[in-house]
Amino acid sequence: MADFNTLLIANRGEIACRVIRTAKAMGLRTVAVYSDADARAPHVKLADIAVHIGPSPVSKSYLRPEKILEAATASGAEAIHPGYGFLSENAAFAKAVEEAGLILVGPPVHAISVMGDKARSKRAMIEAGVPCVPGYQGEDQSDETLIREAGAIGFPLMVKAAAGGGGRGMRLVHTQDALADSIRLARSEAQNAFGSGELIIEKAIIRPRHVEVQVFADAHGTVLHFGERDCSVQRRHQKVIEEAPCPVMTPELRAAMGSAAVEAARAVDYRGAGTVEFLLAPDGAFYFLEMNTRLQVEHPVTEEITGLDLVELQIRVARGERLGMSQDDVLLRGHAIEVRLYAEDPDAGFLPSTGPAVLWHPPSGQGVRVDAGLETGGEISPFYDAMVAKIIAHGTNREDARKRLIRALENTALFGPKTNRDFLIDALRREAFVEGDATTAFIAETYGEAGFVASKPGLPLLCAAAVIQHRLALDGARKEALGVAAELLDWSNARHFNSFVQYVQGEEVLSFEVHPRGQDHYDVRGMDSSLKVHVRDMDGQRCRLMLDGNTVELIFAVDDAGQLHVAGPSASFLVRDVSRSATDGEDEGGGGTVTAPMHGRLVELCVAEGDKVAKGDLLAILEAMKMQHQIVAELDGTVTRVVATADSQIAAGDLILEIASDDDIAA
């Protein structure tokens, strides 16, 4: 037995939090490592000890083996869990851990080396009798040889980097004419991404399912599989939705794939958690794709249907313990589906999105699990992967799990960066997914070249936003007042207090007027229509409204710029009231720092550096959406800097000028 009491987690984000929780439950002392960007990250707070390992870029922190080993020495850690990504499948790191006299919670160096090279692993699998896609994985890497072998395989085919993964260095080739360029591009991408330009060529399996088998092995000769996961819903070869079991699995096929996966693990003397990935063709044939020698991102769906804690088993196996079960002991119960919540902008081709988390509101409830590594007020950094959380639902059958997951997503909000939440809800509702027919072509076939187009909020949601802002303004006023009874809110001595807002949507400015009609009841007029809104419940983050008799639950938050973020059942959106400067003389710039409230043309700058201004003085005029908006001073002071120029285009949030308050100058 190789027991240990202190475990260092060589990772960050949700997987670091995930491992720390199980390790603590097992009575272990935990050590987190962090970069500059992660100094206040949740995994740092959760661990017993935290060690700084360098600057924010991964090449200077999380990918530096010597930094990890130094942290282990400094903290007294006897074992290291690499999580996934970063150094988790780096054979050189595994060897360095071993040579340092530490325990790696992972497989042996030999297994990582063989399975980390697609060409080498495929040769090993062919020798072990595991079904493989016809192809070329030879050592001769000349373009001439690759082109000749491709001709013998036939089109369509895949050109792939032998090292690495994640879709990089990979090209689908349909014709001979496109082959040479595809080889050149794949080789260049592979060299840049993995430091190796070695390629393999495989026959392309059209419209397959991506099905993987979870294997586990101990040091005493036991190798088991814990069923399969279907990971077919992918975008640019990155998994988006995963589920277990596979919707089209049969007992006979599971037995065959499970047996092949176990043989793959035995072929490299595997130990610990691993995943053998297969392509499942429409005719039921399956082919080895690769083996991931680590814990997978999607491991929770396997945990949900087996009742096993895979991280706990990893730790126990690393200690030298036996798995203590047989294949017959592995029972699959119900169905589980996982979605990956990415900080990315669907409207901009799913480009990563960064910035502060104005609000993180995870779902809860029976059968719902959230693995996350973020919190309200934290920062979504540009230095790391865009996946920020995983939301998992378990049900007695697939349809129960699917509906439960949709409901969970409807009750999820991450405000600040853009996210793929609405895309996930839409994908889960599509017929092909509902019927269990999704293949690796699902996203391309469902959304086409235009891709996913987020729905814009219609009249009901915009009216709801107007009422939320009205209520927030009342709450703010009540906090500033003394002893105002709740029943007097919305009233003046003459009449109900109406409010007016303007929202920008596309090329239009939409105006809404909120008319109170008794406590918690409102008429909202806008877009040449009107809507009755009844506020049933409202707290700091959630509200339940009746919109013309239909109940809707919304999550909301206001950011530092005064923008209202709203998440509804199917749509998330952001609104800003651009009427304030035009109607009540309040500053759109937010005090001493004056920024553009929206995209537009800066028609006029009314002040210069050194000018004295008083609260309410006109600073600039912005033309946007066919309207002119006055930007006025919020305080008395002196203009210290003018950045923008008149008659120029300016983006929302761009700095226009700065004002030093009289109080600051006096101080």
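Just so it is clear, none of the values below were taken in a lab; they were calculated from the coordinates. These numbers come from a predicted model, not from an experiment. Positions of Cβ are backbone-derived with ideal geometry, glycine not excepted, and every protein chain shown enters the neighbour counts.
Observations on the structure shown:
- Compared with the direct C-alpha span, the chain from Leu331 to Glu435 gains 35.0 nm at full extension, assuming 0.36 nm per residue.
- Alpha carbon convex hull of the stretch 209-447, volume per residue in cubic angstrom: 128 Å³
- Working ranking of peptides 373-383, 60-70, 325-335 by packing, defined as the average number of other Cβ atoms within 10 Å per residue, highest first, is 60-70, 373-383, 325-335.
- Environment charge at Ala393 (Cβ cut-off 9 Å; Lys +1, Arg +1, Asp -1, Glu -1): +2
- Eigenvalues of the alpha-carbon gyration tensor of the stretch 266-408, scaled by 5 and square-rooted, set the equivalent ellipsoid semi-axes at 30, 20, 19 angstrom, largest first.
- Inter-label distance, Asn397 to Asp36: 5.6 nm, where each label sits 7 Å from its Cα along the C-beta direction.
- Charge tally in the Cβ shell below 9 Å around Val368, where Lys, Arg are +1 and Asp, Glu are -1, Val368 excluded: +3
- Theoretical FRET efficiency, 1/(1+(r/R0)^6), r = Cβ-Cβ of Asp283 and Leu172, R0 25 Å, to 0.05: 0.80
- Calculated log₁₀ intensity ratio I(q)/I(0) where the Debye formula runs over C-alpha points of the stretch 212-308, q = 0.15, 0.18, 0.24 Å⁻¹: -0.55, -0.80, -1.42
- Nearest 10 degrees, 0 to 90: helix 118-128 Cα axis against the chain principal axis: 40 degrees
- Rg and Dmax, both from the Cα atoms of the chain and both in Å, are 28.7, 89.
- Using C-alpha pairs below 8 Å separated by at least 6 residues, the relative contact order for the chain is 8 percent.
- Relative to the longest principal axis of the Cα atoms of the chain, the long axis of helix 143-153 lies at roughly 80 degrees.
- As a proxy for reagent exposure, His210, His110, His394 were ordered by neighbouring Cβ count within 10 angstrom, fewest first; the result is His110, His210, His394.
- Likely footprinting exposure, Phe500, Phe556, fewest C-beta neighbours within 10 Å first: Phe500, Phe556
- In this simple spin-label model, placing a label point 7 Å from the Cα along the Cα-to-Cβ direction at both Ala571 and Gln519 gives a separation of 3.2 nm.
- Helical mean residue ellipticity (222 nm; -39500 (n - 2.57) per DSSP H run of 4+; nearest 500) of the chain: -8000 deg cm²/dmol
- For the stretch 420-466, applying the loop criterion from DSSP together with a ceiling of 13 other beta carbons within 10 Å to the GluC sites (Glu not before Pro) yields Glu435, Glu449.
- Taking a ≥ b ≥ c as the square roots of the Cα gyration tensor eigenvalues, the stretch 343-420 comes out prolate, since a/c reaches at least 1.5 and a/b is larger than b/c.
- Computed over neighbours whose Cβ is under 13 Å from that of Gly195, the net charge equals -1, Lys and Arg +1, Asp and Glu -1.
- For Ala204, the residues whose modelled amide H falls within less than 5 Å of its own, excluding neighbours fewer than 5 places apart on the same chain, are Leu157, Met158.
- Net lengthening on full extension, Ala74/Ala193 (0.36 nm per residue, minus Cα-Cα): 39.7 nm
- Under 16 Å from a label point set 7 Å out along the Cα-to-Cβ vector of Arg21, the amide N atoms of the stretch 371-409 belong to 371-376, 388-394.
- Considering only Gly221, Gly83, Ile126, and ranking their Cα positions along the charge dipole of the chain that arises from unit charges at the beta-carbon of Lys, Arg, Asp and Glu, the one farthest toward the positive end is Gly221.
- Likely footprinting exposure, Asp654, Asp663, Asp218, fewest C-beta neighbours within 10 Å first: Asp663, Asp654, Asp218
- With 10 Å bins from 0: P(r) over the stretch 134-203, alpha-carbon pairs, percent: 24, 60, 15
- FRET efficiency for Thr250 and Val370, using Cβ-Cβ distance with R0 set to 22 Å, rounded to 0.05: 0.10
- Rounded to 5, the percent of DSSP beta bridges in the chain classed as antiparallel: 90 percent
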